[in-house]
Amino acid sequence: MPRPPRLSPDAVADGLRDLPLWSGGPDGIERTVRLPSFRAAVDAVVAIADVAEELDHHPDLDLRWRSLRVAVVTHSAGGVTELDLRLARRVDALFQPMPLRE
């Protein structure tokens, strides 16, 4: 299946306006999800994996105790594509917004 083309910086910025929990730019976007427990964070990895398999688009995941960093980029396009924004929206749908505390 052919991958969508890399988005322009303006298109990525427009897409991020609808994804306020995500940050980044044309080279990649990311979000950190804070979960109530390590077990909940592991369950979150599984839930994201299910979505990633469905979309055939796989994020980079970094689990640190109760924090899960989700990073997406379409490597074959050399940057962010519509597929990355779609995956980000699907990840957001899995979790209620939970503010990070320093």
From 64, 86, residue being surrounded by fewer than 17 Cβ atoms within 10 Å (Cβ to Cβ), of a type in the set (Lys, Arg), closer than 20 Å to residue 5 by Cα and out of contact with any strand residue (DSSP E or B) (no Cβ under 7 Å at 6 or more places or on another chain): 86
Out of 15, 24, sole residue that is more than 10 Å from the chain's Cα centre (by Cα) and either in contact (Cβ under 8 Å) with a residue 60 or more places away in the chain or in a loop (DSSP other than H, G, I, E, B) (or both): 15
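Counting only residues that are in contact with a Ser or Thr (Cβ under 8 Å, 6 or more places away or on another chain) and either in contact (Cβ under 8 Å) with a residue 60 or more places away in the chain or assigned to a loop (DSSP other than H, G, I, E, B) (or both), how many does segment 27-38 have? Show your work before the answer.
Filtering segment 27-38 down to residues in contact with a Ser or Thr (Cβ under 8 Å, 6 or more places away or on another chain) leaves 29-35.
With the extra rule that they be either in contact (Cβ under 8 Å) with a residue 60 or more places away in the chain or assigned to a loop (DSSP other than H, G, I, E, B) (or both), the set shrinks to 31-35.
Number satisfying all stated conditions: 5.
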Among (1) exposed (fewer than 15 other Cβ atoms within 10 Å of the Cβ); (2) at pLDDT 95 or above; (3) in a loop (DSSP other than H, G, I, E, B), the one test that residue 6 misses: (1)
Contacts under 6 angstrom Cβ, first residue in segment 59-80 being touching a residue at least 60 places away in the same chain (Cβ under 8 Å), partner among the acidic types (Asp, Glu), 6 or more apart: 74/84; 79/27
Single residue of 41, 47, 52 found to be assigned to a helix (DSSP H, G or I), more than 14 Å from the chain's Cα centre (by Cα) and either in contact (Cβ under 8 Å) with a residue 12 or more places away in the chain or surrounded by 12 or more Cβ atoms within 10 Å (Cβ to Cβ) (or both): 41
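The values are calculated or read from the model by the stated rules, or taken from the named source; none is laboratory data. Bear in mind the structure is a predicted one, so any value in this text is a computation, not a measurement. Methodologically, a virtual Cβ is constructed for each residue, glycine included, from the backbone with ideal geometry; neighbour enumeration extends over all protein chains shown.
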